[in-house]
1. Given the options B:222, B:268, B:243, name the one that is in a helix (DSSP H, G or I) and either within 10 Å of chain A (Cβ to nearest Cβ) or closer than 22 Å to residue B:301 by Cβ (or both).
2. Sort out which residues of segment A:71-86 are over 11 Å from residue A:263 (Cα atoms) and either at pLDDT 90 or above or part of a helix (DSSP H, G or I) (or both), and write them in order of number.
3. Among the residues of segment B:178-204, which ones are farther than 29 Å from residue A:177 by Cβ and either crowded, with 17+ Cβ neighbours inside 10 Å or in contact with a strand residue (DSSP E or B) (Cβ under 7 Å, 6 or more places away or on another chain) (or both)?
4. If I filter segment B:140-152 for residues that are assigned to a loop (DSSP other than H, G, I, E, B) and either outside the structural domain of residue B:291 (by TED's automatic domain parsing) or surrounded by fewer than 21 Cβ atoms within 10 Å (Cβ to Cβ) (or both), do I get at least one hit?
5. Quick check on this structure: which one of A:281, A:266 is crowded, with 18+ Cβ neighbours inside 10 Å, assigned to a helix (DSSP H, G or I), at pLDDT below 90 and in contact with a helix residue (DSSP H, G or I) (Cβ under 9 Å, 6 or more places away or on another chain)?
6. Looking at segment B:216-270, which of its residues are within 13 Å of residue B:199 (Cα to Cα) and in contact (Cβ under 8 Å) with a residue 60 or more places away in the chain?
7. (1) modelled with pLDDT under 90; (2) within 27 Å of residue B:78 (Cβ to Cβ): which one isn't true of residue B:284, the others all being true?
8. Could you list all residues from segment A:33-84 that are within 12 Å of another protein chain (Cβ to nearest Cβ), surrounded by fewer than 24 Cβ atoms within 10 Å (Cβ to Cβ) and under 22 Å from residue A:267 (Cα atoms)?
């Protein structure tokens, strides 16, 4: 399979992004003509269409772009860090911690709209701290294998606590916590978008700044060390930044699987292994995939909404299978 | 010594108990009541049920409405109506119930909610020799089915028939009176959960009450009993009011307006809520006509755009 050259790849990404944003704004369970949408965007037209476009569709598109992008970048970085192609942003116990936080907030009967996302964020950060501590005890160098094991252990522990809480509390609240965790953009508002952007921006900058070090790290830790990388510092920074991204994404939209796992691999298949290119491309592709998926989730069974993770898998798996087949065919010939 | 005397008594007792039973066995199924439950099983009892455990608030209401309150020996912790139900022993939850707590009440009939997660409990009760009947209580029609089934198994078929007849005529009367008030039918949204937005579809009991009371559920095109819907559809359908069922933990309108996306819905912006008593509206029961009349009266005062 021929890899796309730099300029062509950039144009493809820009087209993908434009198509995603246009689809997200134009498509919805209630029919608005392109003229009505345009009118609403410009602040003209009837107030109901304006409310739908400005306070429902646009924040969903923005949140979809951010969450998808953040998950794809976090996944790409973690896959290098733990040297495991199966790594995804939730691997390191984060989803377990977020779930525990969300269920605790629901069980405590906290009614504020911010309580559950804040508790999920707190839970994910706690899980992250616990995994980091466990891995650090095993040696200062943050061994990838130990990180994965510690993540699984912390995730299992949080899962057990969640099951215990669900067993002894009121079923309705607990069920709702699970529903929230399944992920989606149904409650997306500009506030959520702003909070996620504030948390994500510094972490994204850190990861892009470490892109060259990630390239060296992908060769192996020893070669990276010989080639002048401070391996321990890089690993620590990448781990913390990627975990923060995943925790913020969980808090904003629940657990949306698949994007963080598959988008980085797809980009590597198309674009090679330079993370200075992979990370921005993964951000745009992950974001566009989630916006398309969300448009599908809103409209396929309208007025009923599907969990967006269902759609990401339905869209992403066939595309990825195709890429994988072409790639293996090429490398075996 | 003691052991030998005990064992002699033991055998004697057994003989006294078993001998007459052996004779009865053959015509038992014919003499005792039997009925087919919601799982399609034939439930047969040796005699009309005397000690009943009811594992859903709906069946508890039905048992009392049939005049069988004094035969109820166990109920769930959610059974709060009628007031006399609170005096009955509490056996905990109705879904995945505590079999040991139920068995301790020594019931001869356990009324289960027909949920798949109650199958294991039914099997374990059967292993203890306790009869169970599964009842689906999701729609108004189920109240009639349940009344007939409980009536048959408790040997009060006459009471069941008159309860069903009274239910039917009260329901028809309430719907007729609601329709007679005329005017435009209010369009209502039933709030179940905010994030994600969960509501009820036309397959729900609440939607039936709304229909009888002369209102339309804005998501009646959803065939299931409940579903996650998009806020955009809700904003577009622009309901006249948001219906909220109250509970022990919820006595005031939920803070939907505090969530920015919800503010795209006009009824949320304008604070148009209709708080309904969860105990009356939230479960299928013989009190349905009461709920219909109550709602119709309140809709009458609802300002309609």
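The values are calculated or read from the model by the stated rules, or taken from the named source; none is laboratory data. Bear in mind the structure is a predicted one, so any value in this text is a computation, not a measurement. Here Cβ is always computed from backbone atoms with ideal geometry, including for glycine, and neighbour counts include all displayed protein chains.
1. Unique residue meeting the criteria: B:268.
2. Initial filter on segment A:71-86 (over 11 Å from residue A:263 (Cα atoms)): A:77-86.
Result: A:77, A:78, A:79, A:80, A:81.
3. Passing the criteria: B:178, B:185, B:186, B:187.
4. no
5. Result of the check over A:281, A:266: A:266.
6. Residue satisfying the conditions is B:225 alone.
7. All conditions pass for residue B:284, except number (1).
8. Within segment A:33-84, none qualify.
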